[in-house]
Amino acid sequence: MGLSDGEWQLVLKVWGKVEADIPTHGQAVLISLFKGHPETLEKFEKFKNLKSEDEMKASEDLKKHGAVVLTALGGILKKKGQHEAELKPLAQSHATKHKIPVKYLEFISDSIIQVLQSKHPGDFGADAQGAMKKALELFRNDIAAKYKELGFQG
């Protein structure tokens, strides 16, 4: 299920575009997540009072958290599947403290794909989309395995 070198290159090329403006991308990803799956808002104490897209866009905390999420994901993607050290604390916090189900990681993965499609259509064609979907699936599968080790049935 691993990615080829060429697939990782596609993933990291488009991720370079994300890193050029992580807060804006992170905000867009979280807004997409919350709009598409409002139930996910319940896991975010700071954001569950944000009801409209305008309120979400105006929230500095949401923008900051989006940057934290995408910065962590970028660190994992750059490891090209060799992300055990980065994944372990993330899985620990998301399983035991935040109790984020794997399904929600699927939802945010879809939001990441949507945001990349809308912001970078020229750099995110079918090949790059396929590679990113594989990379995010690898991440989710590895998180799910860690969840299982931790006894979290997310």
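Taking every residue in region 123-152 that is among the hydroxyl-bearing types (S, T, Y) and pairing it with any residue that is surrounded by fewer than 19 Cβ atoms within 10 Å (Cβ to Cβ), at least 6 positions away or on another chain, the pairs with Cβ-Cβ distances below 6 Å are Y147/G154.
Restricting region 19-51 to residues that are touching a helix residue (DSSP H, G or I) at 6+ places or on another chain (Cβ under 9 Å) and among the small types (G, A, S) leaves a set whose member that is farthest from V115 (Cα to Cα) is G36. Look at region 10-28: where a residue is over 17 Å from M56 (Cβ atoms), no partner that is modelled with pLDDT under 95 and of a type in the set (S, T, Y) sits 6+ places away or on another chain with Cβ atoms under 6 Å. Somewhere in region 11-20, is a residue surrounded by 13 or more Cβ atoms within 10 Å (Cβ to Cβ) and at positive phi? Within region 11-20, none of the residues are surrounded by 13 or more Cβ atoms within 10 Å (Cβ to Cβ) and at positive phi. Within the bounds of region 28-38, is there any residue that is open to solvent by less than 40 Å² (accessible area, probe 1.4 Å), β-branched (V, I, T) and within 23 Å of N141 (Cα to Cα)? Yes, the conditions are met somewhere in region 28-38. Of all the criteria given as (1) open to solvent by less than 20 Å² (accessible area, probe 1.4 Å); (2) modelled with pLDDT under 95, the one not satisfied by G151 is (1).
Look at (1) over 20 Å from A91 (Cα atoms); (2) in contact (Cβ under 8 Å) with a residue 12 or more places away in the chain and you find that E60 fails only one, number (2). Scanning region 138-148 for residues that are open to solvent by 70 Å² or more (accessible area, probe 1.4 Å) and farther than 15 Å from E106 by Cα yields a count of 1.
The values are calculated or read from the model by the stated rules, or taken from the named source; none is laboratory data. Values in this document were obtained by computation on a predicted structure and should not be read as measured data. Please note: Cβ atoms are built from the backbone with ideal geometry, for glycine as well, and neighbour counts cover all protein chains shown. These area figures cover heavy atoms from the full protein model, side chains too; ligands, DNA and RNA do not enter into them. Shrake-Rupley method; radii C 1.70, N 1.55, O 1.52, S 1.80 Å.
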